[in-house]
Amino acid sequence: MAEDVKFKVSIDGIPVEVAPGTTILNAARRIGGDIVPPAMCYYSKLQGSGGKCRTCLVKVTKGSEKDPRPMPKLVASCRTTVMDGMEVQNITSPEVIEARKGVVEMLLINHPLDCPICDQAGECHLQDLGYEHGLADTRYEFERRTFDRIDIGDKVQLHMTRCILCYRCVFVADQLTTKRVHGVLGRGDAAEISTYIEKAIDNEFSGNVIDVCPVGALTDKTFRFKNRVWFTKPVEAHRDCPSCSGKVTLWYKGDEVLRVTARKDEYGEVEDFICNTCRFDKKATSDWVIEGPRQVKRTSVISLNHYENPNPPAVIKKNLALQEANKEQFERMKQLL
Amino acid sequence: MARKLLLTHIDVPGIQTFEVYRQKGGYRAVEKALKTLTPDDVVEEVKKSGLRGRGGAGFPTGMKWSFLAKPEGVPRYLVCNADESEPGTFKDRFLMTHIPHALIEGMIVSSYALGANTSYIYVRGEMMPQIRILERAIAEAKNAGFLGKNILGSGYDLELYVQPGGGAYICGEETALLESLEGKRGNPRIKPPFPAVSGLYNCPTVVNNVESIAATVPIINDGGEEYAKIGIERSTGTKLISAGGNINKPGVYEIELGLPVEEFIYSDEYCGGIAGGKRLKAVVAGGSSVPILPANLILKTLKGDSRLMTYESLADGGFQSGTMLGSGGFIVFDEDQCIVRNTWNFTRFYHHESCGQCSPCREGTGWMEKVLHKIEHGHGAFSDIDLLVDVSKKIEGNTICPLGDAAAWPVASAIRHFRDEFEWHVTHGQEAQTRNYGLAHYADPLEPVA
């Protein structure tokens, strides 16, 4: 078969051509925008991740050109590969929206909602997801599940109460580090991420579990309670590191580097995993070659204090003639996004 | 007297041992298959028999076998699912305890058909006596030359292993079973790929229920067509039913599919009627996972036909007025049983057994259990009933494996058919602690069906 075979897929009516073997989620990311299903557990850099959180459920209304039957159930778009001629509904299907609302509610019923004291607030995927899809109120009236905080290693703290069991950190431990010492204990809603009898994770790449955690369950102990993320200023920098790519984001408050993280793309996935030396030990500007300010998505709360608002008012967005007239402003906005 | 195929010699003393089982015609199917049939012939016979999976889903076994991928140089596996842990179902345990050689013989025939040289019987961890019985039976069969290298001089090799599980209900789901068999945490895999393509150790694998595998023995002995003569329509052969609850004669019965439900409950050959001369309130026809049906709907379908013990007839009316044959755990409730309490009990089980991998099941089962506990103990509100329906809908169909559905269906069906009783628990919270609701007027089988 020729290498350039492409499957024609449509997602919410928008056509896209992708290579065979691409998942629906990645096809949607090729299109971009609102039709990309949210993903809490899928992580493109981690093999085998996904399928667990069920937030990315979509409806396949036409299986393929050959077999046009729709799929009987909603499918996890992160683990379902496309077929030629497949038609997928995401935000255009009321069924999907309803199911997603249900999943968000389920994820939140045992979440402590302690955002005001959580270090992840502002860059938390669950926060964004809850804001976009959740209800303002909860129907859950029982005691929430709680766990004690444990230190796994001297730099990482695990607060299971906030965990949504996405298994990303388990995959990191499996695939990035040589000796896996943590995994899932227990089952059902008593399941917890843990290390074997609170053993420390002692590994050069263990800090990446912090970056992949979509919520505030795994936090950087060197940054805990230091500052809110939206008061810090992200700057891209690199250094010549013998063990990793050395490409990071430094989070400044004034002249001080409060924390170092890997660079994340628009879906919150890191571009390159970084080592613990870069993450925890190099916290002086002199350690780094500064590249420039990091461009943060406009919608993020992190950009709140850093950029002027070039976004045209909504009324212009809806009107085509006005859009034409404000073309320049739109271009500028795109560059900033 | 109905025909028996699996439990024919159940009353023979010493049928557990190889000698007696062999005297009674055991291992004829192995001889016939290995000496006169090709593996494809065996698959063909099973296809002709119309045998459907006895574990719950009812997928045609022959078709499942023909889906098995057969790439060159890659081993294939047959795994027997003996992780029977569905509340109300105890037929596999019974079969393994009393006629272990029926399973061993079926395993040899089925492995031969699939070209598997290594096969596993994954037994639920709590069944230690059955594990010992099976291990003894395997040793006996091996001594007699029915297992090991070059069986009966046919050139076919087979090693059979018994693997105790850790005692998790979820490991009865085929992909979780395979994970557990590989020594990992028993989390269901995300399908596709299906086990027929990539199963145990990433090799093509077939997972079958104990009873399905044992049923291949009479199919090979008498021929698939002969087997297909029993039963009606697409429900062929015999089925083991574990009858329990408020009946006079609880136990495991082998029935010919097509038996009317009414006869099964009331005839002296089977359940022998409701204990204590009470009236029938409800039946869970296929193990705790299937929808519960009130007396009027279990005896007759909504169309007014008599309901039969077949896959089709029990499912008649969909989930609005039907149920499923499932794994054959037939639980009978008399008029003094509390449906709310029972639903809470089932949900408590699913809450305990959810693996915790995907969010709707992990969080939803616990939530439903808490709400049902509240209603049962007299602190419920009307809104809780609607909440339960809504939560069950949010779980159903949105999970990786069928455990989510299995947890949602009993709740949804109990509220659908017994809403009065739930509402009575809300309005009469205190009274509900001291007495049961009894029969709903519309669910009395003596009343004509609307």
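Taking 0.36 nm per residue of separation and subtracting the Cα-Cα distance, what length does fully extending A:Ser64 through A:Asp255 add? The partial results should precede the final answer.
Details: separation 191, 0.36 × 191 = 68.76 nm, distance 5.61 nm.
Taking A:Ser64 through A:Asp255 to full extension adds about 63.2 nm, to one decimal.
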Problem set entry | Per-residue [θ]222 nm for chain B (sum of -39500 (n - 2.57) over DSSP H runs n ≥ 4, rounded to 500) | -12000 deg cm²/dmol
Exercise. In which sequence would A:Phe225, B:Phe59, A:Phe171 go, from the one with the fewest C-beta neighbours within 10 Å to the one with the most?
Worked result: A:Phe225, B:Phe59, A:Phe171
For this session: State the extension gain, in nm to one decimal, for the chain segment bounded by A:Arg149 and A:His238, taking 0.36 nm per residue of separation less the distance between their alpha-carbons.
Result: 28.8 nm
Problem set entry | Across A:Lys8/B:Lys184; A:Lys155/A:Lys226; A:Lys8/B:Lys191, pairs whose alpha-carbon gap is larger than 26 Å | A:Lys8/B:Lys184
Exercise. If you look at just the Cα atoms of the stretch A:115-220, how large are its Rg and its Dmax in Å?
Worked result: 14.3, 44
For this session: Using a 10 Å cut-off on Cβ to Cβ distances, tally the other chain neighbours for every residue of A:76-87 and report the average as a whole number.
Result: 1
Exercise. For the stretch A:7-101, taking Cα atoms only, what is the radius of gyration to one decimal and the Dmax to the nearest whole Å?
Worked result: 12.0, 33
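Just checking the output field for B:363-369: average partner chain Cβ neighbours within 10 Å of each residue's Cβ? Don't skip to the answer; put the middle values down first.
On the way: counts 14, 6, 2, 9, 9, 0, 2.
Partner-chain Cβ atoms within 10 Å, mean over residues of B:363-369: 6.
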Problem set entry | Inter-label distance for A:Val289 and B:Thr8, nm, one decimal - labels placed 7 Å from Cα along Cα-to-Cβ | 8.3
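Which shape class applies to the stretch B:18-229: rounded if a/c is under 1.5, otherwise prolate when a/b exceeds b/c and oblate if not, where a ≥ b ≥ c are the square roots of the Cα gyration tensor eigenvalues? Before the final figure, lay out the partial values.
Numbers: a/c = 1.38, a/b = 1.18, b/c = 1.17.
Note, shape of the stretch B:18-229 comes out rounded.
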For this session: Using only atoms on other chains, find how many Cβ atoms lie within 10 Å of each Cβ of peptide A:133-143 and report the average.
Result: 3
Problem set entry | Ascending count of other beta-carbon atoms within 10 Å, so fewest first, for B:Ser313, A:Ser245 | A:Ser245, B:Ser313
Exercise. So, by mean Cβ neighbours within 10 angstrom, what's the order for A:143-155, B:398-410, B:16-28, B:177-189 with the highest one leading?
Worked result: B:398-410, B:177-189, B:16-28, A:143-155
Problem set entry | Descending principal axes extents, the protein assembly as shown, alpha-carbon based, whole Å | 90, 68, 55
Exercise. Put a dot 7 Å past each Cα toward the Cβ at A:Asp174 and B:Arg234; how far apart are the dots in nm?
Worked result: 3.6
Problem set entry | Evaluated over the stretch B:123-181, the Cα radius of gyration and Dmax, each in Å | 14.1, 40
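Quick check: convex hull over the Cα atoms of the stretch B:297-376, volume per residue in Å³, rounded to an integer?
127
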Exercise. In terms of Cα to Cα distance under 12 Å, which aspartates and glutamates are near enough to A:Lys283, apart from those fewer than 8 places away along the same chain?
Worked result: A:Asp255, A:Glu256
Exercise. Reachable aspartates and glutamates from B:Lys278, Cα under 14 Å, same-chain residues fewer than 8 places away excluded?
Worked result: B:Asp334, B:Glu335, B:Asp336, B:Asp444
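For B:His428 and B:Thr97 in the same chain, what is the full-extension length gain: residue separation times 0.36 nm, less their Cα-Cα distance, in nm? Can you show the working numbers first?
Details: separation 331, 0.36 × 331 = 119.16 nm, distance 4.61 nm.
Length difference between fully extended and current span is 114.5 nm.
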Problem set entry | Where only C-alpha atoms are counted, convex hull volume of the stretch B:238-334 per residue in Å³ | 76
Exercise. What residues qualify as long-range amide H neighbours of A:Arg259, i.e. H under 5 Å apart, gap of 5 or more or another chain, H built at 1.01 Å from N?
Worked result: A:Trp251
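Nothing charged except the Cβ atoms of Lys and Arg (+1) and of Asp and Glu (-1): what's the magnitude of the dipole of the protein assembly as shown about its Cα centre? Round to the nearest 20 debye.
Details: 93 positive and 101 negative charges, 212 e Å.
Approximately 1020 debye in magnitude.
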For this session: Can you tell me the relative contact order of the stretch B:18-229? Whole percent, Cα pairs under 8 Å, sequence separation 6 or more.
Result: 31
Exercise. Do the alpha carbons of any pairs in B:Lys142/B:Lys229; B:Lys64/B:Lys300; A:Lys52/B:Lys70; B:Lys47/B:Lys249; A:Lys6/A:Lys264; A:Lys73/A:Lys101 sit beyond 26 Å of each other, and which pairs?
Worked result: B:Lys142/B:Lys229; B:Lys64/B:Lys300; A:Lys52/B:Lys70; B:Lys47/B:Lys249; A:Lys6/A:Lys264
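Bear in mind that the values in this text are calculations on the coordinates, not laboratory data. As the structure is a computational prediction, the values presented were derived from the model and not from experiment. Note that each Cβ is placed from the backbone with ideal geometry, even for glycine, and that neighbours are counted across all protein chains shown.
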